[in-house]
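I have placed the structure first, in the form of structure tokens, so that the comments after it can refer back to it.
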Amino acid sequence: MPVKVAEEWLGSCSGCEISILNLGETLLAVLPQLEFVHIPVLMDHKYFGQTGQGDVHHLEIPPATVGIVSGNIRNQEQLEVAEAMRASCDVLIALGTCATHGGIPALINSYSDADLFERYYRGCETTDAGPDPDDPALPKMLERTFALDEKVKVDLYLPGCPPHPDQIAEAIVALLEGRAPQLPSRSVCDTCPTKREGKGAVKQVRRFLQPPQFDPKKPLSEMRCLLEQGLLCMGPVTRAGCSGAGDDAPRCLSARVPCRGCYGPVKHDGNQMLDMLNALASNGIDIKGVVDRPGLLRFSGGHGRLMNPSRRVSACQK
Ligand code: SF4
Ligand code: SF4
Ligand code: SF4
């Protein structure tokens, strides 16, 4: 009998769903064993009854063995959908770094709602200035952006922005075979072939976008480690996996640019900012030269890692 699968996207860009489609032939091979009972990105399925006649008054997601959720939680509707997925699914998978760690949208946690509305509705060059929206039908915003496991229990994490299809395939096949999935647990550096010559070569880091030195005619293994070249490469504090199951180099390094940390911390509860500052200091690099420290959490600002000072004060007062 096929395994029932439900998929939902919360605060998501749909890149994670495209990664599911990018399974390609693997998806075709496993599809006969899967029955998608709910996947809004691909098929119409109403939350409150299928007739549109108001016949169901609670948010309804069909029961499934496996639930996959991408995106983070920023408003009441997303919270209720996440809770309904948890209630309907035996196993819940957080798909993508937005779901596992807050992802790029959690950068907003550095700002107050007032900053946010000012920027969106009056401060954007391409938008006519207008008042804050006050339609009561809009879902209420929560106080900040949450990773999925801050609100519901998660059984399996597949980080990545987006996650490599190989890890999605491994998770699905392992669940079908009734075994634990084999997922990457090392750092991006551990899978990077660049040449390392030793610590202490540089004392200051440069910004991501400054070009590294390399000979384009030579393989990546002939390029010196970008951190040793003084570029802020987050490979030491980022979970491996972006190169898939084979021996390929990490995606950004293949393009000769530094890792920006999109797989989140190496350990689920790691802190990419603190870990990176530690890594820099242990390489003899002056961390005072890192001009945008919160930017080190650009993919993992959930779990209270990024917090606007005003929110911090009100959280302490509660
Ligand atoms: S993790 Fe990346 S690809 Fe997935 S929803 Fe978030 S921003 Fe999009
Ligand atoms: S710091 Fe960057 S360039 Fe150096 S080994 Fe790690 S991932 Fe590769
Ligand atoms: S190298 Fe780093 S930023 Fe680039 S895809 Fe891999 S984990 Fe993401």
Q: Residue by residue through the stretch 196-223, note down the ones that are at pLDDT below 95, of a type in the set (D, E, K, R) and either in contact with a Lys or Arg (Cβ under 9 Å, 6 or more places away or on another chain) or not in a loop (DSSP other than H, G, I, E, B) (or both).
A: ARG196, GLU197, ARG206
**Q.** Hey, ASP128 over 30 Å from ALA240 (Cα atoms), more than 16 Å from ligand 3 (Cβ to nearest atom), in the same structural domain as GLN76 (by TED's automatic domain parsing) and among the charged types (D, E, K, R) or not
**A.** yes
Q. When you look at LEU107, is it more than 13 Å from ligand 1 (Cβ to nearest atom), aliphatic (A, V, I, L, M) and in contact with a strand residue (DSSP E or B) (Cβ under 9 Å, 6 or more places away or on another chain), yes or no?
A. no
Q: Pull up the stretch 16-26, narrow it to residues that are part of a helix (DSSP H, G or I) and touching a residue at least 40 places away in the same chain (Cβ under 8 Å), then point me to the one that is farthest from ligand 3 (Cβ to nearest atom).
A: THR26
Q: Kindly indicate whether any position in the stretch 31-45 is acidic (Asp, Glu), touching a residue at least 60 places away in the same chain (Cβ under 8 Å), surrounded by 12 or more Cβ atoms within 10 Å (Cβ to Cβ) and over 19 Å from GLU170 (Cβ atoms).
A: no
Q | Condition check for ARG256: closer than 17 Å to ASN109 by Cα and more than 9 Å from ligand 3 (Cβ to nearest atom) | A | no
Q: Please name all residue pairs, on different chains or six or more residues apart, with Cβ atoms under 6 Å, provided the first residue is in the stretch 159-187 and is assigned by TED's automatic domain parsing to the domain that holds THR65 and the second residue is of a type in the set (Lys, Arg) and surrounded by 22 or more Cβ atoms within 10 Å (Cβ to Cβ).
A: PRO159/ARG239
Q.
All but one of (1) assigned to a loop (DSSP other than H, G, I, E, B); (2) farther than 14 Å from VAL69 by Cα; (3) not aliphatic (A, V, I, L, M) hold for CYS13; state the number of the condition that does not hold.
A. (2)
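Return the residue satisfying two criteria in turn: it lies in the stretch 162-195 and is among the hydrophobic types (A, V, I, L, M, F, W, C) and within 16 Å of ligand 2 (Cβ to nearest atom), and of such residues it is surrounded by the most Cβ atoms within 10 Å (Cβ to Cβ).
VAL188
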Q) Which of the helices (runs of 4 or more DSSP H) contained wholly in the stretch 224-318 include at least 3 residues that are farther than 26 Å from ASN72 by Cα? A) 272-282
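The values are calculated or read from the model by the stated rules, or taken from the named source; none is laboratory data. Please read these numbers as outputs of a predicted model, since none were measured by experiment. Glycine also receives a Cβ, built like all others from the backbone with ideal geometry; neighbour counts cover every protein chain displayed.
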